[in-house]
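Each reported figure results from applying straightforward, stated rules to the coordinates on display, with no laboratory input. From a predicted model like this one, the values you see are computed outputs, not experimental measurements. No Cβ is skipped: glycine too gets one built from the backbone with ideal geometry, and neighbour counts run over all protein chains shown.
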Amino acid sequence: MANDSGVRSGKRFVVVGGGVTGCVLAERIRQRHPDSQVTLLEGSSTLGGLSVRSEPDPIGWDRFYHVVTPQDGLLIDWLKRLGVADRLRWRGAHTGFYADDTLHRFDTPLDFLRFPPLDLIDKSRLAASILYASRVSDGAPLWNITASDWLRKIAGEQVYRKFWEPLLRAKLGSAHNEVAATFIWSTIRRLYATRQAEGRREAFGYISGGYAPVFAVAEQYLTKLGVQVRKSSPVEHIADGPDGSTRVRTRDGSEIIADRVIYTGPSRFLPKLCAGMSIPEELLGRARSIRYLGVLCMVVKLTRAFSPYYVLNLTDPGLPFTGVIGLTTLVDPSETGGHHLVYLPRYLPDDDPDFDKPDEAFTEPFLSALERIGTRRGFRRDEILLSKMFRSRFVSPIAVVGYDKLRLPIPLVPRRLYLLNTGRILGGTLNNSQMIEEAERGLDEILA
């Protein structure tokens, strides 16, 4: 018997991937179809994907840095459904630039006017370019031009080189010359709107205890809903099953027969993972061609605060990382054992050979660079208690020119296999709230 969404009662759903996307999909499917069987498969020993800390955890916080903004309504609503919204803590945060061996505050219009790397004419051009970008209402044509070319056009070479290029490099590493202008346009519009709404004050939030306790509660919540949560169950193969069903095999050799499978992992894995499925070759070709942005991120535990800035942007391309994230300018140090944490991210394409280097290869270059940046604040190497490198090769697709046409559809094999991952984001910033939005938006298509 079918209901108003077209899904027959008693359907068997398998959601592959236990990050926030998979958790919300499993929750919503079970809520809309309580008579259906929903299984959530996660390869690691905990739910949470990139959000949670490593085990065992010598750092005392998440592997990668996360921030919540007042605009992240869907994430906040999810935390409320889990009953953990009281863990949100809101604080003001500061932004800075490291240029010419000096730290510069970059929060207010006055800070902007004082910013030494730009002269008065360049500052006027920068302000005009931000205003112009914030008023562009249709970003579709911007998929046809790189961000670097577009920013040079609207702001000039000097402003691009001294301001925009360091920011692009901080988020995209060596891929900063390939990304489409839609990426920076959407970022400018979002930040401009946030500043206007917040009276030009930055308000950031964090989750007390990090994301690990949130996903521990999420597991209990999903189990009470009737979702079968299976951890330490990496999926090795997805293939055609009997009578139009789909067969999902995990690494331990067990199999699940499903009516509909929703895959939330990187698209690049699809051709090998789904070799037994009748996915159109054109879609598999697109999956193979999608390049991913990854990250190397060193977390450093210190005896005292490194700087007053949550985000310290770096203008020197010779530094081995692309920013300094002062986590404990936002997170109360009492939650990290009284210590201070900084995150040193380096974003780079998934095929970069640095991903194959051992962690030890980055220790001295990263710590020496941190020492150099902190010299004028009296930072010393003996203030470092611990450093640890974390990495993820496949964070999200690089939004290259033309990616809007390369993006894969949600149905890969209609009524059998679906895709909903970070590749769905067009002209947005990857964060948990954005992925919840993509999950909510894709449900009707999955359940049609």
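For the reader, a short list of remarks on this structure follows.
- Per residue, the convex hull spanned by the alpha carbons of the chain comes to 145 Å³.
- Calculated FRET value between Leu120 and Asp356, using beta carbons and R₀ = 35 Å, to 0.05: 0.15
- Going by neighbour counts of Cβ atoms within 10 Å, the residues Asp138, Asp77 line up, fewest first, as Asp138, Asp77.
- Each Cα pair under 8 Å and six or more residues apart adds its sequence gap; the mean of these over the residue count of the chain is a relative contact order of 24 percent.
- Fluctuation leader among Ala127, Ala99, Ala26 - the chain, Gaussian network, Cα springs under 10 angstrom: Ala127
- Other-chain or far-sequence residues with amide H under 5 Å of Gly276's (modelled H): Ile238
- Residues in the range 416-438 that a label on Ala85 would reach, taking backbone N under 20 Å of a point 7 Å out along Cα→Cβ: 432-438
- Each of Asp240, Asp350, Asp332 was scored by other Cβ atoms within 10 Å of its Cβ. Arranged with the fewest first, they read Asp332, Asp240, Asp350.
- Mean shadow area of the range 65-136 over all directions, Cα convex hull, nm²: 7.2 nm²
- Rg in Å to one decimal, and Dmax rounded to a whole Å, for the range 225-381 via C-alpha atoms: 22.3, 70
- log₁₀ of I(q)/I(0) at q = 0.13, 0.15, 0.18 Å⁻¹ - the range 1-141, Debye sum with one point per alpha carbon: -0.91, -1.01, -1.14
- Calculated [θ] (222 nm, deg cm²/dmol) that DSSP helices of n ≥ 4 give over the chain, each run adding -39,500 (n - 2.57): -9500 deg cm²/dmol
- GNM result for the chain, Cα springs below 10 Å: residue of Cys297, Cys23, Cys274 fluctuating most strongly: Cys274
- Phi-derived couplings, Karplus 6.51 cos²θ - 1.76 cosθ + 1.60 at θ = phi - 60°, listed residue by residue for the range 247-252: 9, 10, 10, 9, 4, 7 Hz, with x used for Gly and Pro.
- Each part reduced to its alpha carbon centroid, the range 69-96 and the range 287-312 end up 21 Å apart.
- Inter-site label distance for Asp240 and Glu281 at 7 Å from Cα along Cβ, in nm: 1.6 nm
- With 0.36 nm allotted per residue and the present C-alpha distance subtracted, the Thr223-Arg377 stretch has 50.4 nm of extension available.
- Förster radius 22 Å - calculated FRET efficiency between Ser44 and Gln71 (Cβ-Cβ, nearest 0.05): 0.15
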